[in-house]
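Undergrad: Would you mind keeping the following structure in view while I ask a few things?
The values are calculated or read from the model by the stated rules, or taken from the named source; none is laboratory data. Quantities reported herein were computed from a predicted structural model and do not represent experimental measurements. Every residue, glycine as well, gets a Cβ built from its backbone with ideal geometry; the counts of neighbours run over all protein chains shown. Heavy atoms of the whole protein, side chains included, go into the accessibility calculation; ligands, DNA and RNA do not. Shrake-Rupley method; radii C 1.70, N 1.55, O 1.52, S 1.80 Å.
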Amino acid sequence: MSQPAETTPVPVVAGIDVATAAVRVVCVDAGGRTLATGGAPLPAPVRGPGGHSEQDARAWWPAAAAALRQATAALPGGGREVVAVATSATSGTLVLADTAGEPVAPALMYDDRRAADLNAAAQRLGAGRWRSTGLSVGPTAALGRLVWSLREAGADAARTRTVLHTPDLLGWRLTGGPVATDWSHALKTGYDPAAGEWATEVFEALDVPPELLPEVRAPGAEVGRVSAAAAAETGLPEGCPVRLGMTDGCAGQLATGAVRPGQFVGVLGTTYVLKGVTAELVTDPAGSFYSHRHPDGWWLPGGASSTGGEALADTPAERLPALDAEAAARGPARGVSYPLRREGERFPFVSGEARGFTLGGPADEVERHRAALEGVAFLERLALETVEGLGVRVEGPLYAAGGGSRSALWTRVRATVLGRPLQVTEGAETAVGAALLAASGGLHPDLTSAAAAMVGKGRLVEPVAAERDALEESYARFTGELRARGWLTTP
């Protein structure tokens, strides 16, 4: 009796997300269906005085390999159907490595502030370049941390042969040799995406040898193939193309489907982030947002507020559904809240003096909850008005992602305050964005076509006409108070 012919598995791509506490892998097919996932924990960063934030970079590859093994083992073909893989990670995390790609020191995390003075020097040294590209070298920029690491290495500096961002190290392990980095992860390390070069004059002034800096290529570009050793560790097929990813924020945006000029996404997580796509580079004189380069040549402007979902941090999670229901029944709040829980705002305006406030004290817990939801929505509207004031075109519905978008009430409030629908994309996670980049040039010709084929349309949430006037009045009070306190100076 003849044996049935072995079926050819459906081709899939794998996206790797290296977050602060864990690695997650998602395998999706050409139509965007998730066929398998995997995950593995990472050691918590070691944080200490002076803004120190470190992690053992030697843990990245074992965790990524374990997550890949879990995902590929769950695929119908055991992993042999994976046709490309790409990695996304936190923006600005880096480590010095030797000629074998082995870390020679702990990785300095994206939020490490120990090189703030060196970053200030880098800002002065490259002021003209940064101004023309709309960038600024902030206290946590990777550029200063690279300089700090080299100086700290001292006598061991001779062992250092390269600087690796998180995906660069994983790319080395996957292919068996050094790989180029992408222009997204390289941005905060001192790469100029407009000129297509490293800021050499800054590095020369700070005594950084140019040979330490890797080649930079576009996200989605193929930079190698999975080696036999990596295939044995991960379940990926030997020879599988390894493609470049983007930072976690950019990958999360791609996963929503907001990939064409005019499309913007509001990500409501712990903080609120607005990101979008423009055909041309747009710079903000106030420095409240900056742009990554789009894989297809456009630009990805974005900014992050100092508040967002954390406005509800004092409310137990199990209490939120009941508060949403009561607040929805009651309607718009009578008071106005700016739910800032820390000092200073960075977007949609920049002010170190900004503090949270409430106008017209809330009558009870429900009123306070509703006012907090509206306050974040007011910030979102101000953010959109800020980018539009710089000549940016924002078209159609605003894409919505992040944990806050799971609240039906909050999403309706946001849509009503904005006066435009919100399109909520389900499953818009960083690993999916990395998978889209893995599919670019393989399963699909480029990122734009990959997103069109692989990202679902989601659900559309319309404004509530009956609440529009009340929220319009509250928004005027909100912005008026920001101006009265001297924090908001734009028209």
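Undergrad: Yes or no: ARG341 touching a Gly at 6+ places or on another chain (Cβ under 8 Å) and not acidic (Asp, Glu)?
TA: yes
Undergrad: GLU233 versus (1) closer than 22 Å to LEU146 by Cα; (2) acidic (Asp, Glu); (3) in a helix (DSSP H, G or I): which is the lone unmet condition?
TA: (1)
Undergrad: Has the stretch 475-484 got at least one residue that is of a type outside the set (A, V, I, L, M, F, W, C), assigned to a strand (DSSP E or B) and under 24 Å from PHE347 (Cβ atoms)? Steps first, answer last, please.
TA: Taking the stretch 475-484 first, the residues of a type outside the set (A, V, I, L, M, F, W, C) are 475, 477, 479-481, 483.
The next check asks that each one be assigned to a strand (DSSP E or B); those that pass are none.
Checked the stretch 475-484: no residue is of a type outside the set (A, V, I, L, M, F, W, C), assigned to a strand (DSSP E or B) and under 24 Å from PHE347 (Cβ atoms).
Undergrad: Within the stretch 60-85, which residues are free of Cβ contacts under 8 Å to residues at least 24 places away in the same chain and either crowded, with 17+ Cβ neighbours inside 10 Å or at positive phi (or both)?
TA: Taking the stretch 60-85 as the starting set, the residues that turn out to be free of Cβ contacts under 8 Å to residues at least 24 places away in the same chain are 62.
Answer for the stretch 60-85, where residues must be free of Cβ contacts under 8 Å to residues at least 24 places away in the same chain and either crowded, with 17+ Cβ neighbours inside 10 Å or at positive phi (or both): there is none.
Undergrad: Would you point out which residue out of LEU164, LEU169, LEU174 is in contact (Cβ under 8 Å) with a residue 24 or more places away in the chain, within 30 Å of LEU75 (Cβ to Cβ) and assigned to a strand (DSSP E or B)? Lay out the reasoning, then the answer.
TA: On the way: LEU169 fails: assigned to a strand (DSSP E or B); LEU174 fails: assigned to a strand (DSSP E or B).
Step by step, each of LEU164, LEU169, LEU174 is checked, and only LEU164 is in contact (Cβ under 8 Å) with a residue 24 or more places away in the chain, within 30 Å of LEU75 (Cβ to Cβ) and assigned to a strand (DSSP E or B).
Undergrad: Has the stretch 118-127 got any residue that is surrounded by 18 or more Cβ atoms within 10 Å (Cβ to Cβ) and touching a Pro at 6+ places or on another chain (Cβ under 9 Å)?
TA: Yes, the stretch 118-127 contains at least one residue that is surrounded by 18 or more Cβ atoms within 10 Å (Cβ to Cβ) and touching a Pro at 6+ places or on another chain (Cβ under 9 Å).
Undergrad: Looking for whichever is closer than 20 Å to PRO214 by Cα, of a type in the set (A, V, I, L, M) and out of contact with any helix residue (DSSP H, G or I) (no Cβ under 7 Å at 6 or more places or on another chain) here; the options are ALA66, ALA100, ALA22. Which one fits? I'd like the intermediate steps shown before the answer.
TA: Working: ALA66 fails: closer than 20 Å to PRO214 by Cα; ALA22 fails: closer than 20 Å to PRO214 by Cα.
Every option except ALA100 fails the conditions.
Conditions tested, residue by residue: (1) modelled with pLDDT under 95; (2) closer than 30 Å to THR358 by Cα; (3) not charged (D, E, K, R).
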site	(1), (2), (3)
VAL417	no, yes, yes
ALA439	no, no, yes
HIS444	no, no, yes
ALA450	no, no, yes
VAL461	no, yes, yes
ALA465	no, yes, yes
PRO491	yes, yes, yes
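Undergrad: Mind counting the residues in the stretch 239-274 that are within 26 Å of GLU345 (Cα to Cα), open to solvent by 20 Å² or more (accessible area, probe 1.4 Å) and part of a strand (DSSP E or B)?
TA: Within the stretch 239-274, residues that are within 26 Å of GLU345 (Cα to Cα), open to solvent by 20 Å² or more (accessible area, probe 1.4 Å) and part of a strand (DSSP E or B) number 2.
Undergrad: Let me ask something else about it. Of the residues THR166, THR162, THR200, only one is under 21 Å from LEU125 (Cα atoms) and of a type in the set (Ser, Thr, Tyr); which? Step through it out loud before you land on a result.
TA: Working: THR166 fails: under 21 Å from LEU125 (Cα atoms); THR162 fails: under 21 Å from LEU125 (Cα atoms).
Result: THR200 is the single residue among THR166, THR162, THR200 that is under 21 Å from LEU125 (Cα atoms) and of a type in the set (Ser, Thr, Tyr).
Undergrad: Right, ALA408: surrounded by 23 or more Cβ atoms within 10 Å (Cβ to Cβ) and not basic (Lys, Arg) or not? Give the steps one after another, and end with the answer.
TA: On the way: surrounded by 23 or more Cβ atoms within 10 Å (Cβ to Cβ): no; not basic (Lys, Arg): yes.
In short, no.
Undergrad: I've got another one for you. Please go through the stretch 281-337 and pick out each residue that is in a loop (DSSP other than H, G, I, E, B), open to solvent by 20 Å² or more (accessible area, probe 1.4 Å) and more than 30 Å from ALA450 (Cβ to Cβ).
TA: Scanning the stretch 281-337 gives PRO285, ALA286, GLY287, ALA313, ASP314, THR315, PRO316, PRO332, ARG334.
Undergrad: Identify all residues within the stretch 453-488 that are β-branched (Val, Ile, Thr) and in contact with a strand residue (DSSP E or B) (Cβ under 9 Å, 6 or more places away or on another chain); write none if there are none.
TA: Initial filter on the stretch 453-488 (β-branched (Val, Ile, Thr)): 455, 461, 464, 479.
Scanning the stretch 453-488 gives a single hit, VAL461.
Undergrad: I'm checking my understanding of the structure. Among residues of the stretch 391-405 that are assigned to a loop (DSSP other than H, G, I, E, B) and in contact with a Leu (Cβ under 8 Å, 6 or more places away or on another chain), which one is surrounded by the most Cβ atoms within 10 Å (Cβ to Cβ)?
TA: Initially, the stretch 391-405 is screened for residues assigned to a loop (DSSP other than H, G, I, E, B), giving 391-397, 402.
If we keep only those that are in contact with a Leu (Cβ under 8 Å, 6 or more places away or on another chain) too, we end up with 394, 397, 402.
Working: VAL394: 17, PRO397: 19, GLY402: 21.
Looking at the filtered set, the residue picked out is GLY402.
Undergrad: Moving on. Look at the stretch 1-43 and say how many of its residues are closer than 30 Å to SER53 by Cβ, open to solvent by 50 Å² or more (accessible area, probe 1.4 Å) and either at pLDDT below 95 or assigned to a loop (DSSP other than H, G, I, E, B) (or both). It would help to see each step written out before you state the result.
TA: If we filter the stretch 1-43 for residues that are closer than 30 Å to SER53 by Cβ, which is where we start, we get 14-26, 37-43.
Right, trim to open to solvent by 50 Å² or more (accessible area, probe 1.4 Å) and you get 21, 24, 37, 41, 43.
Now drop any that are not either at pLDDT below 95 or assigned to a loop (DSSP other than H, G, I, E, B) (or both), which leaves 21, 43.
Residues in the stretch 1-43 being closer than 30 Å to SER53 by Cβ, open to solvent by 50 Å² or more (accessible area, probe 1.4 Å) and either at pLDDT below 95 or assigned to a loop (DSSP other than H, G, I, E, B) (or both): 2 in total.
Undergrad: I've got another one for you. Name the single residue that is surrounded by the fewest Cβ atoms within 10 Å (Cβ to Cβ) among those in the stretch 86-97 being part of a loop (DSSP other than H, G, I, E, B) and β-branched (Val, Ile, Thr). Can you show your working first?
TA: Taking the stretch 86-97 and keeping what is part of a loop (DSSP other than H, G, I, E, B), we get 90-93.
Restricting the remaining residues to those that are β-branched (Val, Ile, Thr) gives 90, 93.
Numbers: THR90: 22, THR93: 31.
Within the stretch 86-97, the match that is surrounded by the fewest Cβ atoms within 10 Å (Cβ to Cβ) is THR90.
Undergrad: Restricting to the stretch 447-470, name every residue that is among the aliphatic types (A, V, I, L, M) and either open to solvent by 50 Å² or more (accessible area, probe 1.4 Å) or under 16 Å from ALA401 (Cα atoms) (or both). If you could, list the steps in order and put the result at the bottom.
TA: Restricting attention to the stretch 447-470, the residues satisfying the condition of being among the aliphatic types (A, V, I, L, M) are 447, 450-455, 460-461, 464-466, 470.
Within the stretch 447-470, ALA451, ALA452, VAL455, LEU460, VAL461, ALA465, ALA466 meet the criteria.
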